Each structure stands twice: as C-alpha cells, then as structure tokens.
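Student: Please find one structure pasted underneath; my questions will follow.
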Protein chains: 2
Amino acid sequence: MRVGPSQEEIRRSNLGALLRSVHLQGAMSRADLTASLGLNRSTIGALTADLAAAGLVSEGVPREQRGRAGRPSLVVRPESEKVYVYAFAVEVDRIVAARVGLGGVLLDRFEAARPRGEHDAATVVAPIADFIRKVHATASTVAGARLIGSGAAVSAMVRRDDGFVRLGPQLGWVDQPLGEALAALIGDARPVAVRNNADLAALAEHTRGAAVGCDNVVYLYGDAGVGGGIIAAGRPVTGHGGYGGEVGHMVVNPTGKPCSCGSHGCWETEIGEHALLAAAGRNPTAGRDGILAVVDAASRGDNTAQAAMRQVGDWLGFGVANLVNIFNPEMVIFGGTLREVYLASAAQVRSRLNRNGLPACREHVRLRTPQLGQDAALIGAAELAFEPLFADPLDHG
Amino acid sequence: MRVGPSQEEIRRSNLGALLRSVHLQGAMSRADLTASLGLNRSTIGALTADLAAAGLVSEGVPREQRGRAGRPSLVVRPESEKVYVYAFAVEVDRIVAARVGLGGVLLDRFEAARPRGEHDAATVVAPIADFIRKVHATASTVAGARLIGSGAAVSAMVRRDDGFVRLGPQLGWVDQPLGEALAALIGDARPVAVRNNADLAALAEHTRGAAVGCDNVVYLYGDAGVGGGIIAAGRPVTGHGGYGGEVGHMVVNPTGKPCSCGSHGCWETEIGEHALLAAAGRNPTAGRDGILAVVDAASRGDNTAQAAMRQVGDWLGFGVANLVNIFNPEMVIFGGTLREVYLASAAQVRSRLNRNGLPACREHVRLRTPQLGQDAALIGAAELAFEPLFADPLDHG
C-alpha cells in the first residue's frame, strides 16, 4: 500500500535527486540544478550545503572560468576522489576490477585473464586481491575517502538476494558463492551486489549510454552464450528471483542442436559464437577473434563466410522479432560479439524482423550498437553499487 | 528526475491510498486503515472526512453490528452507488458493457452477441447505446451520482494514447477508432481508456484475483487467437506504444503453419483454438464449444482427442518455458479457452516446462487458472477507469 512520505523522506529524496544529477551529468551550476530538479534556489542551496558537509559534493569555480574576470558562477561537483565504489566483472575470458568515483569516474582499474579451466569462485577472483590492497593504500591517503559499496557483473544466473551464482555454463559454474568470495576479498562487511552481466550492461546503456531516455529497451549480449537485459517502463525486468532475461534460452528451433542448458534449439545455439564459427567451417571455440575473422572474410567476399553471416543474421532477426512482439521496445542494442554479427548482417536482421514482427510492435524500434564498449557491465556494476547512496545520501552507512 | 513531493502531493497520495484500500478491500474500520496505511489515527480521521465531504466514502455502523448493544466501531465504506465507471469488453463473440461502482461493485450489466461479419467499431458498439441511456436515467435519480471515467478491453492491438485499434485479426479490424466510438456513445468529453483484453485481464487478476501479491505474472488468454498480459516488478509491461505482450506471435515453429498476422509458426498457430480443433479432426471454427467437446472426448478415452490434447499441451508448455526463461515469473495464469486446454494437458505442459525451462527460472513458478472467470478483462477495464481517481481523489474532473 503506497502512502505519502514524511518531510524527512522528502528531504532524503531531494538530496538523492540532487546527488544523482551531479553523478550523471557532472559539475552543475545551482541554476542548472534549480531548473532540472524543479526546486527553488534556496532549497538547492540548503541541499547542497548538506551534501557538502557530508563530503559528497564540493562547490567551486568551473574549470573554464578560472582566471577570468568577473564574478564566476559556482558549480556543484561530485567528490569523485573521495566517494567511490568497487566494481567487478567476471567474464568468460577475463576478470576486471575497478574503483569508480562518484560521477562515474574511473579511478583505478585492473584486468587479468580468467584462469582457464573450471575453478571455484574464490580461486577465480583471487588475482584481484593485490589490486584491492593497493587501492586501499591509495585511498587511505585521501582525507575523508570512503567506500560506498560494491557491485559485480558475471555472465551467469545470479540469485539477487545474496549474489550466489546458480548456473554459469560458460564459466563452468554451478552454485558458486561469488558475492561472498568478493566480499571476503574486500574485507567490507556489506554484501556485494551481484547481477547478470547483460542486466548490468543494459542498466549502464540506459543510464549513461545508447538508451538514455528510452524506457523500453532490449539489450542483447553475445559471447559463447547469449544473454539479455530488459528495461520495461524504465525499470529492469529481472523476475521473481533475479533470473529473468535469459533470452538466449528461448527455444527458436524445436529441431535444433543441443544446448549447454540441456534443452535443444535455444536461440544461443543458432546465434552464439559457436554457431557462427561452425557455419563458417571454422574452429567453433575460436571466440571473439574467430568471429572477427569470419566478419572480415565475409566483407572480403568469402562465400562460406557470407553464407554463415546470412544464416546467423536471419536467426538473430528471428529472435529479435519474438522479443519485439513481446516487449514493443523503442530500442534493441546488440552487445558483445553480437555487435559485430549485427553490423555484418543488418540487412538479414531487419528483413526477418519485418517478416516476423507485428507492424505496430516494430514500427518505432531502433536497432543500435552499444555506446559504452567492453566495460558496459562493469559500469553497470558501479551504478548498482552507488544506488543505495542515492536512496539515502546522508545516512548511508 | 525524481524529486520529493510537496505537502499537497503527500495529502493527495494519502487520500488516494485510503480510497484505494476501501475500493479493494471494502468497508474498513479506522483501526484497520491506521494499521494498513501506517498513518496515525488523526490523519486517517482527517483524510476520511475529506473523502466523505467529496462524496467518495461514507462512515457507518458495520452491517454485522447493527442492533447490537455497546458502542459500535464505525467503518469507512466506498460510495459504490454514487461513484462509478463504465467498463466495456469487445470480444470475438460478444460485447459486454457494465456500470461498476467504487469498490468493484457491479451495478448494471449488458451483454450481446457481437454482430457477425466485419463491421466498423461504431456499428459493433451501437447495441450498447440503449443500455447507456437506461443507466444514465437510473444514475440521475441518485443524488450526487457521478461518472469517474470509462475503460474498455478489446481483443486487439490498441494504441495506448487514444484507444485506436491498430489490428484485431479475430475481429476483422484494421485501424478502427474504438475509443472514439465508445466516447461518442457515452457522451462524456473524457477519452475512454482502451487496452488489450489480455493486458486488462492480467491487471484484474493481479488486483483482485489469482495473482494478488505476485509481482511477476504471465497471464495467457486464448480464444481464436492467443494474447498475453505481463506484470513485471508489480507493473504492467505494455511497451513503447502499448502493443507489448503479443506472446501469441512469438514464433515457436519455424516450419509451422501460416498465421493470420502474416508470419509462420506463431505460438497461436500451435495452441490456438483452430490448432486443437484441427488436430482433433474437428471443424476448426467450432470455437469454445468445440474445445469443450474435444476436452470431454479426451476425458472419455477418445484416442484422437487425447493425442490432440497431448500435442497442443506440449506446444503450450513449450511457449510457457520460453516466457519463464524471459520473465522468471512467480505465476503463469491460463485464461480463456487456454484454461480448459491447460487443465486437460497439465502433465504435458509441466513436462515440457521442465525440459525447456532453466531450473532457476522455473523453480518457484506456479501454474494457475484465473479466479475471475469470463469477466476478468471487463473488471480490468473498470480498474483502469478508476485509476485517475486514486491519483487525485478530490480534484478528479
């Protein structure tokens, strides 16, 4: 039952809105904040003072006005060096760790190849330990520096409540306590928020990338598997336990090939990296480099590669049409190696979408590539970790 | 940008919450309201007085306490006779109109067969005109009676903004101004809120039926076609233009039969009424009665009917598994003739769901039949029409 908030809740909500504004847009003048938040100037002043006293923002002369004559207009800036989160990405072939400051500023970054073979979560994340130690040491030299929380992206199905990985076929993981392993490494009592990488890449593109301002978005991510992150009416569709968006396991071909999930003819058996590489007569485990080689061969006129691209492009459009009929999105984004596949087979994708998609569902849909590149899921993990701060900027523990 | 509300907005929100409570739960004591809304007793008293002054609720002795000794505890009741909406349902074989009072009380109801053949929207709704005239006359005898608004459900794809039907293959409609036709009939200057019938049946089951308290729900509705209404994180998934949820046009069989939408192998070509009737060797246009006859024959041991049920049940489970992987719902509800099909083939549905559905996505999902029966979409249309009242109970136009 929704009930109106108290005065204290209003103040908290206003503080959060102001802080989120400078987090997303960077330094803003009080006049900009007044206009964008719809609050009066004195309220903005009071909120800014509260946030500054808490060490979350600072006020100062904008860089471009320094040294000029006349009275400068002050801007409110996020305290990016002092207020930070840890963000992690555990992917099929690499692990990434980063310290990200308020405002989305990348402060420190570490990347390593994921150890080959099947290892447990603690072993996989162990190489991050050194990075964390160094960053702790760096941060402790900055007065007032504070860790807000941590977020992690993983190409797996994750229990939302505790970051427990239920199933990550591409990682060889079943029931791995990733959230716990990362928390132990950081030495922070607070849980690490862990989500599926496609869900977080979708969140990142929606917050800072290609889908800013779009309320209905289907984000597709391809590597060895195919995942999805859905935004509907401006909010992530994650389902009851956090396992929603598994579009790669929508069965599109009942007479199709066996899938790693145990089913047959899942979309990822037709559009995943293995499918394209096999159709092109290449080593099906050649990964991203293999995909780029097929795309390159097709562009140079190789018949086998072109036929493979057309076939996979048709299946890509086939699943996109299903999702367009279900979600009526404004935008579909092709991430991971699906970006390359889409760019090389856009005609097939669009043609199949036009044949299978209902006109009303597809008429305004834009097909796009990501703006945030390989680190989209990492950026999404950082955004996730900052969220509790915006919910309650002053009392956030 | 979300910003905290003003005092006036808080009051409005509290008034809406109180009014919605008695709308959904019927007469409630002030003590119940205090507990359920988390507001103090004096606030509840003030809000109730405001709503009573506006003619939206009344206070009185509960029925069961009348005539008893001792001081009775007063209850707050919705003014169901005075505050009402019109709700309409345009279905394949019938049209229904109703006057529904605050609290969800059915005050008047009219039903007629939909005229056979292809007629425009104005012609199809014309038989409702007499009903509206009579209801206007009845309502005008009640002091303070007021029409809040109108909602309509239609088995078609509807443009959310103006209730324009883009495509209703089962009705033979392309580009029909249903919202406009109904508004002209009512003589109300306000637009009629029109939505897809499966979307509204989902809303009704979520608000008053099988899915109360479930935040992630897939509702399936079958007649000649197959539609879907999705609730994710407690809110309807309707997409950019209002056309989302067209799960009947998810292609499940690439080598399947042509569909009325122009594509091939859509889910509705495998699980719609025509598919079951054809598989059972019967007249494929026999409709609901035909479906019941096949179900009955199967239960009596008819081999052909049993084989048809198994085949359609398997396809039903096939599509359900896809949707479970995409939405990770708590509940899937089978409405329309899919209720009968599900009940007669639950073993096939569950077996296919277990084979194609990811364990994490399906582990908590309950498969259910509707609680609200044939009028679910009509009830949803009434709920839709009441919504603006809860957004602003005192200033609602």
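The values are calculated or read from the model by the stated rules, or taken from the named source; none is laboratory data. Here the structure is a predicted model, which is why all the values come from computation and not from measurement. Positions of Cβ are backbone-derived with ideal geometry, glycine not excepted, and every protein chain shown enters the neighbour counts.
Here is a yes/no grid of residues against (1) at positive phi; (2) modelled with pLDDT of 95 or more; (3) surrounded by 18 or more Cβ atoms within 10 Å (Cβ to Cβ):
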residue	(1), (2), (3)
A:123	no, no, no
A:127	no, no, no
A:135	no, no, yes
A:138	no, no, no
A:144	yes, no, no
A:152	no, yes, yes
A:162	no, no, no
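Student: Could you tell me which of the residues A:235, A:195 is of a type in the set (Lys, Arg) and touching a residue at least 12 places away in the same chain (Cβ under 8 Å)? Give the steps one after another, and end with the answer.
Tutor: Numbers: A:235 fails: touching a residue at least 12 places away in the same chain (Cβ under 8 Å).
Every option except A:195 fails the conditions.
Student: A follow-up question, please. Can you pull out the residues in the stretch A:164-206 that are buried (at least 22 other Cβ atoms within 10 Å of the Cβ), among the basic types (Lys, Arg) and more than 20 Å from the chain's Cα centre (by Cα)?
Tutor: none
Student: For a quick check of your reading: which strands (runs of 3 or more DSSP E) sit entirely within the stretch A:158-223 and have at least 3 residues that are out of contact with any His (no Cβ under 9 Å at 6 or more places or on another chain) and more than 23 Å from residue A:322 (Cβ to Cβ)?
Tutor: A:164-168, A:173-176, A:193-196
Student: What number of residues within the stretch B:3-52 are closer than 14 Å to residue B:396 by Cβ and of a type in the set (A, V, I, L, M, F, W, C)?
Tutor: 3
Student: Still on this structure, please answer the following. Could you give every pair whose Cβ atoms fall below 6 Å, whose first residue belongs to the stretch A:106-122 and is in contact (Cβ under 8 Å) with a residue 24 or more places away in the chain and assigned by TED's automatic domain parsing to the domain that holds residue A:138, and whose second residue is β-branched (Val, Ile, Thr) and outside any strand (DSSP E or B), counting only separations of at least 6 or pairs across chains?
Tutor: If the second residue must be β-branched (Val, Ile, Thr) and outside any strand (DSSP E or B), the pairs left are A:108/A:135.
Student: A further question on this structure: Could we say that residue B:143 is in contact with a strand residue (DSSP E or B) (Cβ under 7 Å, 6 or more places away or on another chain) and either of a type in the set (Ser, Thr, Tyr) or more than 26 Å from residue B:262 (Cβ to Cβ) (or both) here?
Tutor: Considered against the rule, which asks whether it is in contact with a strand residue (DSSP E or B) (Cβ under 7 Å, 6 or more places away or on another chain) and either of a type in the set (Ser, Thr, Tyr) or more than 26 Å from residue B:262 (Cβ to Cβ) (or both), residue B:143 comes out as no.
Student: Looking at the stretch B:308-328, can you tell me whether even one residue there is at pLDDT 95 or above, basic (Lys, Arg) and more than 22 Å from residue B:352 (Cβ to Cβ)?
Tutor: Within the stretch B:308-328, not a single residue is at pLDDT 95 or above, basic (Lys, Arg) and more than 22 Å from residue B:352 (Cβ to Cβ).
Student: Given the structure, is residue B:209 of a type in the set (Gly, Ala, Ser), closer than 18 Å to residue B:373 by Cα, surrounded by fewer than 24 Cβ atoms within 10 Å (Cβ to Cβ) and in contact (Cβ under 8 Å) with a residue 60 or more places away in the chain?
Tutor: Details: of a type in the set (Gly, Ala, Ser): yes; closer than 18 Å to residue B:373 by Cα: yes; surrounded by fewer than 24 Cβ atoms within 10 Å (Cβ to Cβ): yes; in contact (Cβ under 8 Å) with a residue 60 or more places away in the chain: yes.
In short, yes.
Student: Residues that are within 19 Å of the chain's Cα centre (by Cα) and of a type in the set (Ser, Thr, Tyr): list the strands (runs of 3 or more DSSP E) wholly contained in the stretch A:75-140 that include at least 1 such residues. Before you say what the answer is, go through the steps one by one.
Tutor: Details: elements: A:75-78, A:83-90, A:94-101, A:105-113.
Those strands (runs of 3 or more DSSP E) span A:83-90.
Student: Within the stretch A:3-29, take every residue that is under 30 Å from the mean Cα position of the chain (by Cα) and among the charged types (D, E, K, R) and give me the one that is modelled with the highest pLDDT.
Tutor: That would be A:20.
Student: Can you tell me which residue within the stretch A:246-296, out of those that are assigned to a helix (DSSP H, G or I) and facing chain B (nearest Cβ under 7 Å), is farthest from the chain's Cα centre (by Cα)?
Tutor: Going residue by residue through the stretch A:246-296, those that are assigned to a helix (DSSP H, G or I) are A:247-249, A:267-271, A:273-279, A:287-296.
Pick out the ones that are also facing chain B (nearest Cβ under 7 Å) and you get A:247, A:249.
On the way: A:247: 16, A:249: 20 Å.
Across the stretch A:246-296, the extreme among qualifying residues is A:249.
Student: Take the residues in the stretch B:146-160 that are under 26 Å from residue B:262 (Cα atoms) and either without any contact (Cβ under 8 Å) to a residue 12 or more places away in the chain or of a type in the set (D, E, K, R) (or both), then tell me which one is nearest to the other protein chains (Cβ to nearest Cβ).
Tutor: B:159
Student: When you scan the stretch B:217-245, how many residues do you find that are within 11 Å of chain A (Cβ to nearest Cβ) and over 22 Å from residue B:330 (Cβ atoms)?
Tutor: 4
Student: Can you name every residue in the stretch B:144-156 that is among the aliphatic types (A, V, I, L, M) and either touching a Pro at 6+ places or on another chain (Cβ under 9 Å) or part of a loop (DSSP other than H, G, I, E, B) (or both)?
Tutor: B:145, B:148, B:156, listed by residue number.
Student: Still on this model: Could you pull out the residue among B:390, B:386, B:318 that is away from chain A (no Cβ under 14 Å) and aromatic (Phe, Trp, Tyr)? Show your work before the answer.
Tutor: Details: B:390 fails: away from chain A (no Cβ under 14 Å); B:318 fails: away from chain A (no Cβ under 14 Å).
Every option except B:386 fails the conditions.
Student: Step by step: first the residues of the stretch A:315-335, then only those that are among the β-branched types (Val, Ile, Thr) and closer than 18 Å to residue A:207 by Cβ, then the one that is surrounded by the fewest Cβ atoms within 10 Å (Cβ to Cβ). Which residue is that?
Tutor: A:332
Student: Scan the stretch A:16-40 and report the pairs whose first residue is closer than 18 Å to residue A:213 by Cβ and whose second residue is assigned to a helix (DSSP H, G or I) and among the basic types (Lys, Arg), with Cβ atoms within less than 8 Å and a gap of 6+ or a chain change.
Tutor: As it stands, the answer is A:24/A:208, since those pairs meet every condition given.
Student: Have a look at B:109, B:99, B:195, B:166 and point out the one that is of a type in the set (Lys, Arg) and modelled with pLDDT under 95.
Tutor: After applying the criteria, what remains is B:166.
Student: Moving on. Give B:239, B:265, B:229, B:248 a once-over and let me know the one that is in contact with a Leu (Cβ under 8 Å, 6 or more places away or on another chain) and modelled with pLDDT of 95 or more.
Tutor: Step by step, each of B:239, B:265, B:229, B:248 is checked, and only B:229 is in contact with a Leu (Cβ under 8 Å, 6 or more places away or on another chain) and modelled with pLDDT of 95 or more.
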